[in-house]
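Colleague: Shown below is the structure under consideration.
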Amino acid sequence: MFDIDWEQQWTAIKQSFIKLDPGYLIKNPVMFVVELCTILTIILTIYPPLFNGQEPTWYYLTITLILVFTLLFANYAESLAELQGEAHADSLKALQVESEGKRLKNKDIELDEITEADYEVVAGEEIEKGDYVFAEKGDIIPRDGEVVEGSASIDESAITGESEPVIRESGGDRNSVTEGTEVLSDVLKIEVTAAVGESFLDRMIDLVETASRQKTPNEISMTLILASFTFVYLTAVVTMRFFGMYVDMNVDVANLIALLIGLMPTTIGALLASIRIAGMTRVTRENIIAKSGKAVESAGDLDALILDKTGTITTGERIAEKFIAVGSEKNELYKACLQSSYFDETPEGRSVVNLAHDLDVEVDESELKKEKFVEFSAKTRMSGIDLPDGTEIRKGSVEAVKEYADKIPDGLTDKAHEIADSGGTPLAVAVDKKILGLIELQDELKIGIKARIQELQEMGVKCIMATGDNERTARYVAEQAGIEEYYSEFKPEEKIALVEKIQKSGKLIGMTGDGTNDAPALAKADVGLAMQAGTNAAKEAGNMVDLDSDPTKLIEVVAIGKQLLMTRGSLTTFSIANDISRYFALIPAIFSAGIPALQQINFMNLYSPQSVVIASLIYNSLIIPFLIPLAMKGVDYKAESSSKLLRKNLVIYGGAGLIAPFISIKLIDMLLVMLGVF
Amino acid sequence: MLNIIALLVFFLLLFTLIYLFGEYIAWIYKDETKSKSNLPNKLKFIKKLDRPFKFVEDRIFSFLNIDQNKEMNWKQYLFSLLIFNGVLFIFLFLVFKFQNILPLNPLNLEGMSWDQAFHTASTFISNTNQQHYGGEILSYFSQLFAVGLAMFLSAGTGLALAPAFTRGIQNEEESKLGNFYVNLIKGLIRFLLPVSFVVALLLISQGSPQWFGGEIIVNTIEGVKQAIRVGPVAGIEAIKTLGTNGGGFFAANAAHPFENPTILSNIVLNLIMLASPMAIIYAFGIWIGKRRHGVILIGALFVIFLGLFWVTAAGEMQPNRAVTMVKGDVHIDQSLGNMEGKETRFGSLLSSLWAISTTSTTNGAVNSMHNSYNPQGSVGPFLAMAMNCLYNGVGVGLLNLMTYIFICVFIAGLMIGRAPQYLGKQIEWREVKIAALIILLLPVLVLFPTSIAVITKVGKEAIHNPGFTGFSEVLYEMFSAAANNGSGFEGLMDNSVFYNLLNGGAILMGRYLPIFGQLLIAGYLSQKKIRPETEGTLKVENLSFLVLFVGVMIIIGGLIFMPALAVGPIAEMLSGGM
Amino acid sequence: MSVKKNVVTAVKLIVLSLLIFSIIYPLLLGGVGQLFADKASGSIIYQNGKAVGSRLIGQNFVSDSYFISRPSSINYDASTSGSDNLAASNPKLQQRIAADSMKIKVKYQPGNRDVPVDLITESGSALDPHISPEAAYFQVSYLVEQTGISESTLNSLIEEHTESKLLGLFGESRVNVLELNLALEEVLD
């Protein structure tokens, strides 16, 4: 955090000067007016009689310099934020290495028949959309595509930062491959789905770059308001010169400019862009690519989130919690449980072994032979092991094992229901077709999820859970997580209807998704966070993509969106509240010649009219760099109800806005006098 | 202490009246605003009035050939309003210009010059009632058939805007805002006419004449002839005050003993002057189903009102500076405060209260002469108008308030991390753009004309008092025109082509541009969905919102005029005691 | 609605409004107002069957045997109204007040007594029928000299004609000068 990137600083400073171009600044009306004022003071410095200037040249020169610095600080704030945003785009760009691809000559060839003769190695950019390429261990995927055939483990760490390899395979929701990722094992036949420069990576880079340049809708409104205020103050200040004439007083243009600059919302005007860019960068730092700034703002404004149960609220890994003997000896069951899972590499199997170890269950390991392990199959829906003596040990879903067994103990069904009622999944264990009891698997809530959901709901973001699980499990998990509204036995296709229903009631809705059948709902939702691990369709449809494929991050995004809006609002309040002090400091100063009586409202007891003007301008200029860290970091954000938030931010930023300039201007004034400037 | 009790009693009466008027107006437009709130039980009896009113209205609608069920979108609504006001303008212009050849002119008064007729017609159709003439130069025909008529119709026009705007907020993806003529006629028949009648009777009982003779000539006990102008004063006085009009029958306006004969009449007029625009804000709360929001809005403005009143009353309780400067061994009992330009019966306190009331609304009637106020005293009325008359006019006051609300909601919404939204309607750049332009309008319409007036010969010639007060005269006149207030600092010799055109133009722009903008906003809003309220929604019913709203009003509304006021009343105030 | 239809409706509505608001409303009000016939027609005061003024409109009393009213730039000409609108900073106001107070001083010889401020300030309407009780009492000693009526009689006359604050709270207590002078005249007769 504290190590300073000097090169970045240097670039930012250079940029600050380049951005002085009026053609560029006109996009920011507030700073544009500041620039016009600067030009006026330059003219005054060179040729004071033009506006009947009576003050010494050094005075005009000083004012000019302070104004130039004000502009530079504003530009610097923007440049710095831009550079930090671009840093991420650059890191993505680094991935765009010159790659080669193995283009298949014949698209219809079967994967296992492919030999070196069947493809030609071509440069990445020569591959066109619709081409088929072959990839094997060690190859870099040359372009985004879909796996047509095969299954392979792929290292996507370059994009996602996740070192764990992922499986990509044809059909289903895991068929998309991304340019720049590396095949670790096996072979794939891939249909290229992106043209040159249109791959995921290209677009991500593009998005990261444009998002920092485009104003969000809300920011446009803000700019309009600030422009209106600027014009109002301009009117008030310009006409003062005429009023001065009426009372036979030459109101110095430089002093009027000082008043105008003091009244105009320069602080927020200068920081508006950096607030946006910094907000977007915070999203990027979470490893999320937002396709537009609007999406991030909308996230802050969501009324409801549709959360999947598995993977979002729960870890998605079912862990054995308990062995329940039904009509049998406890030890007998425990042993059977361990035996059945001894070679079971699934997380569930591992958790059974762990539980057995915790319970100090011991078995004769020599009896267990790996080749005797019975893998889970879709047909039997059971797995297990055969012992050398021919004993069949099986575990599986209660229904499957019931079918298999010929002896079903009393109370088994009741016990199984009990487990389901508490949100668990029962597995039955049988030895030689005799059911001994149940394993209770529990899907665990993610750590901290309950608190996050609580926070969201306090802020008025309703969490809705949708799960394919049965009613009992759904209800249990919802209760555990503190969710009121949930949908059980929910099919992904139904999401779109749910989204539409919620939107119809006027609410903004956010959701996550990864599958192709999530795509319509992702597109329809106000914020659709797609998982990088998901299908291309889903990634296309969502307006954000999470590179880590962690659906819980939707909650993070809401917080970032809120923080972005809050920072903008709070700094605006600060900036506008600043005005009050200017009236008391500057108006007596400006009219000091014609209306000496106005000195009575100069209760800050500032040294001289000139020192007031300079001190006020210096404050105005310095407050910008002073607030850059706040603009970049965002205001402190805690989940609270709207009333509390409003009160808090109003007191902090409104209060500071009222007081800060009084104190600062007085201090600068004293300092100037001490330094002998006046 | 006695003063504080008097004020407490006054405000208690005021709030009671706001409650009654508010509930009643809310009831009148219940259907037009799609309101779901009902009359409180104790006021249920009002419903009995529905039938007779409906009987009259139905006759009127059928005479006018208006289909009550035919609703208008914002464009049609604005169009009907503008045409109606346009026709009225032409009628008024002709009456003022040619009153010399019209009947009911027993004193053979002249017709107005074209520019004065333009200014006068503009000012009456727009509910401004700025008078560049003394009331005594209007014939009875002009008073009754032009001024009296316009007082009803301009107030009715303003009133008709409130339900239309509310509909914009209540509508969900529907463009119709109601029927302009229905809203207008209902407001006239159910509210303005009957209440005016009752108030007028009360005024007559206090001594306000309702007489059709011209002048009564008396021989005083000292044997001097005194010509006393009378006329149908009471009727016009009632609607003038109720409809935030403010144009006096006499030049001295409500300081004239015939317009405002007693302390009781003063209290009654002061009450209804404030209650009618405030009640519509309260009614708005009822329409949107949040009475508390209406109360908060009224309360926010009331905080500012009290502040301004305190400034003015404190200033006016002080002796007039000119009196304190009297030399020689004359000792003057100054306990009554500044009595220059004030009536004995009202004294400083009731005069100050009226001064802030009349400028906190677009009423503009005066019961004392603001020009003779101590500089501190005159700061209050100035600032009240600078905030575009706080409660503003009947109906349009609500719309005016909304401009500040949108800006306020925008900032507040952001501060709680939400996209700005008001009553479930998203406030986006289109609405913000218009609100920002409306905010801009008042400074532009006040400060630029003031600049022109104080640097041109023709403008300066009209200035009556020297020094900073002279500047105040001009500034006040421009405020009074652009904010559609109509009160005068007086003194300024404003009946010239220059001021008639400058003020007339500002009056029309100050009235119709915001109406245009606000109806457009209503049109935009009516198309939007209503987002249900959640914990995270900005609450517009609590104290924080009130504080922010007051802050926005003061900083955006009031303080931008600080530089101008510094040259006028503030300079004068600081230059020489009170 | 089309332009034409709108215009027709507007014209018809204005004609109808003229009927309701400009004819029926004021006439009906005038009729019902006859409940307060005297007041509805200007509160005229008659002395010996002759109208001598309105209770509500002040008069300029110049004779030495009457209570005087407040200064009026229009000399209580009730065919018009409104004060001179002089600002506190206006030298003209300072001059006028200086002149008026000098006149008061010369005429009433106040000595140590304070001159009530309403006697040297103009009212808003310039037709103010009232003065403060203090302003009335202030004139007593002078009128005792001029009219020969005893001080206590004058004092009780003033007391009789003093109207107090509304409910003891609102406005100021005051004396109607015309009525007071009429009462004074009666005593004189």
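The values are calculated or read from the model by the stated rules, or taken from the named source; none is laboratory data. It should be emphasised that the depicted structure is a prediction, and the values quoted were computed from it without experimental measurement. Glycine gets a Cβ as well: all are built from the backbone with ideal geometry, and neighbour counts include every protein chain shown. These accessible areas exclude ligands, DNA and RNA; they are computed on the full protein's heavy atoms, side chains included. Shrake-Rupley method; radii C 1.70, N 1.55, O 1.52, S 1.80 Å.
Colleague: Can you run the Rg to Rh ratio on segment B:135-193? Use alpha carbon positions and the Kirkwood inverse-distance Rh.
Modeller: Rg/Rh for segment B:135-193 comes to 1.19.
Colleague: PRE reach from A:Glu418 (point 7 Å along Cα→Cβ): which of segment A:447-488 fall under 18 Å by backbone N?
Modeller: A:472-473, A:476
Colleague: Viscosity 1.306 mPa s, temperature 10 °C: Stokes-Einstein D of segment C:1-41 from its Kirkwood Cα radius, in µm² per second? List each step's numbers first, then the result.
Modeller: Working: Rh = 12.0 Å.
D, rounded to a whole number, is 132 µm²/s.
Colleague: From other protein chains only, count the Cβ atoms within 10 Å of every residue's Cβ in A:645-655, then give the mean.
Modeller: Details: counts 8, 12, 8, 3, 7, 9, 2, 1, 1, 6, 0.
Mean number of neighbouring Cβ atoms from other chains: 5.
Colleague: For segment A:510-565 and segment B:453-516, compute the distance between their C-alpha centroids and round to whole Å.
Modeller: 59 Å
Colleague: Counting only heavy atoms of protein chains, what accessible area per residue, in Å², does segment C:1-41 have with a probe of 1.4 Å?
Modeller: Result: 48 Å² of accessible area for each residue.
Colleague: As a test of the definition: with a 1.4 Å probe, what buried accessible area, both sides summed, do you compute for C against B, in Å² to the nearest 100?
Modeller: Details: alone 12030 and 22650 Å², together 26050 Å².
Result for this pair: about 8600 Å² buried.
Colleague: Sticking with this one: Taking the Cα centre of chain B as origin, work out the dipole magnitude from +1 charges on Lys and Arg Cβ and -1 charges on Asp and Glu Cβ, in debye rounded to 20.
Modeller: Dipole magnitude for chain B comes out near 1800 debye.
Colleague: To the nearest 100 Å², how much accessible surface do chains A and B cover up together, summed over both, with a 1.4 Å probe?
Modeller: Numbers: alone 30570 and 22650 Å², together 47940 Å².
Summed over both sides, the interface buries about 5300 Å².
Colleague: Additional query: Report the extension gain between A:Glu362 and A:Ile46 in nm, rounded to one decimal, defined as 0.36 nm multiplied by the number of residues separating them, less their alpha carbon distance.
Modeller: Result for the pair: 104.2 nm of gain on full extension.
Colleague: Excluding residues on the same chain fewer than 8 positions from B:Lys225, give the lysines whose Cα lies under 17 Å from its Cα.
Modeller: The reachable lysines, counting only those whose Cα sits under 17 Å from B:Lys225, are C:Lys50.
Colleague: If you average the C-alpha positions of segment B:59-117 and of segment A:351-370 separately, how far apart do those two centres end up, in angstrom?
Modeller: So the separation of the two Cα centres works out to 99 Å.
Colleague: Across chain B, where is the longest run that never hits chymotrypsin sites (Phe, Trp or Tyr not before Pro) in a DSSP loop with at most 16 other C-beta atoms within 10 Å?
Modeller: B:213-578
Colleague: Also, quick follow-up: Kirkwood hydrodynamic radius, segment B:373-461, all distinct C-alpha pairs: what's the number in Å?
Modeller: Computed over Cα pairs of segment B:373-461, the Kirkwood hydrodynamic radius comes out at 15.4 Å.
Colleague: Moving to a separate point now. For segment A:316-445, what is the Kirkwood estimate of the hydrodynamic radius, computed as the reciprocal of the mean inverse distance between distinct Cα atoms, to one decimal in Å?
Modeller: Averaging 1/r across every pair of different Cα atoms and inverting gives 14.3 Å.
Colleague: A further question on this structure: If each of A:Ala117 and A:Leu675 carries a label point 7 Å out from its Cα toward its Cβ, how far apart are those two points in nm?
Modeller: 8.4 nm
Colleague: For B:Ile455, project a label point 7 Å along Cα to C-beta. Then give me every residue of segment A:16-60 with its amide nitrogen under 11 Å of that point.
Modeller: The answer is none.
Colleague: Additional query: Kindly write out, for segment A:32-37 in residue order, the coupling ³J(HN,Hα) from the Karplus curve 6.51 cos²θ - 1.76 cosθ + 1.60 (θ = phi - 60°), rounded to whole Hz, with x marking Gly and Pro.
Modeller: These are the phi-based 3J(HN,Hα) values: 5, 5, 4, 5, 4, 4 Hz.
Colleague: If you don't mind, there's one more thing I want to ask. Mind pulling the angle between the C-alpha long axis of helix C:151-161 and the longest principal axis of chain C? Nearest 10 degrees, somewhere in 0 to 90.
Modeller: With both axes taken from Cα atoms, the answer is about 10 degrees.
Colleague: Which longest uninterrupted range of chain A lacks any GluC sites (Glu not before Pro) assigned by DSSP to a loop state (not H, G, I, E or B) and surrounded by at most 13 other Cβ atoms within 10 Å?
Modeller: Longest stretch, sites excluded: A:129-328.
Colleague: Right, next: With every protein chain left in place, what is the accessible area of A:His417 in Å² (1.4 Å probe, nearest 10)?
Modeller: 80 Å²
Colleague: What is the mean number of Cβ atoms from other protein chains located within 10 Å of the Cβ atom of each residue in peptide B:210-218, rounded to a whole number?
Modeller: Taking the mean over all residues of the peptide, I get 6.
Colleague: Which of the trypsin sites (Lys or Arg not before Pro) found in segment A:320-409 are in a DSSP loop and have at most 15 neighbouring Cβ atoms, other than their own, within 10 Å?
Modeller: A:Lys369, A:Lys379, A:Arg381
Colleague: Express in Å², to the nearest 10, the accessible area of B:Ser175 obtained by rolling a 1.4 Å probe over the protein heavy atoms while all chains stay in place.
Modeller: Taking all protein chains as shown, B:Ser175 has close to 40 Å².
Colleague: Rank these residues by their accessible area, most exposed first, probe 1.4 Å: B:Arg291, A:Arg282.
Modeller: B:Arg291, A:Arg282
Colleague: Enter the angle in degrees (range 0 to 90, nearest 10) between the Cα long axis of helix B:233-242 and the first principal axis of the Cα atoms of chain B, meaning the one along which they spread out most.
Modeller: Once rounded, the angle reads 40 degrees.
Colleague: If you line up the long axis of helix A:412-421 against the longest principal axis of chain A, both from Cα atoms, how many degrees apart are they, to the nearest 10?
Modeller: Computed tilt is about 10 degrees.
Colleague: Please find the FRET efficiency linking A:Leu36 to A:Lys638, where r is the Cβ-Cβ separation and R0 is fixed at 41 Å, and quote it to the nearest 0.05.
Modeller: The value I calculate is 0.50.
Colleague: Still on this structure: Considering only protein heavy atoms, what per residue accessible area in square angstrom results for chain A with a 1.4 angstrom probe?
Modeller: 41 Å²
Colleague: Ratio to report: Rg/Rh of the protein assembly as shown, with Cα atoms as the point set and Rh obtained by the Kirkwood method; give two decimals.
Modeller: Details: Rg = 41.0 Å, Rh = 37.0 Å.
So for the protein assembly as shown, dividing Rg by the Kirkwood Rh gives 1.11.
Colleague: Shifting gears a bit: Let me check I've understood the local charge: for A:Ala195, count other residues with C-beta under 9 angstrom from its C-beta, Lys and Arg +1, Asp and Glu -1. What total comes out?
Modeller: After counting each charged neighbour, the total is 0.
Colleague: Still on this structure: Full extension from A:Glu164 to A:Asn470: what is 0.36 nm times the residue separation minus their Cα-Cα distance, to one decimal in nm?
Modeller: Extending this stretch completely gives an extra 107.0 nm.
Colleague: If you don't mind, there's one more thing I want to ask. How high is the FRET efficiency between A:Glu332 and A:Glu458 when r is their beta carbon distance and R₀ equals 60 Å, given to the nearest 0.05?
Modeller: Given R0 = 60 Å and the Cβ-Cβ separation, E is 0.75.
Colleague: Please report, largest first and rounded to whole Å, the three semi-axes of the ellipsoid equivalent to chain A, where each semi-axis is the square root of five times an eigenvalue of the C-alpha gyration tensor.
Modeller: 66, 31, 19
Colleague: Of all trypsin sites (Lys or Arg not before Pro) in segment A:573-678, which ones are in loop regions per DSSP and have a Cβ with at most 14 other Cβ atoms within 10 Å?
Modeller: Values: sites: A:Arg582, A:Lys633, A:Lys638, A:Lys644, A:Arg647, A:Lys648, A:Lys666; in loops: A:Lys638.
Listed in order of number, the matching sites are A:Lys638.
Colleague: Something else now. Under the 0.36 nm per residue contour assumption, what length would be gained going from the current alpha-carbon distance of B:Lys75 and B:Leu543 to full extension?
Modeller: Computed gain between B:Lys75 and B:Leu543 is 164.8 nm.
Colleague: On to the next question. Determine the distance separating the Cα centre of segment C:25-64 from the Cα centre of segment B:542-558; give it in Å without decimals.
Modeller: 49 Å
Colleague: What is the list of residues in segment C:115-137 whose amide nitrogen lies under 12 Å from a point 7 angstrom out from the Cα of C:Asn155, following Cα to Cβ?
Modeller: C:137
Colleague: Across the residues of A:555-561, average count of Cβ atoms on other protein chains within 10 Å?
Modeller: 1
Colleague: Let me ask something else. I'd like the FRET efficiency for A:Ser608 and B:Phe98, computed as 1/(1 + (r/R0)^6) with the beta carbon distance as r and R0 of 60 Å, rounded to 0.05.
Modeller: 0.45
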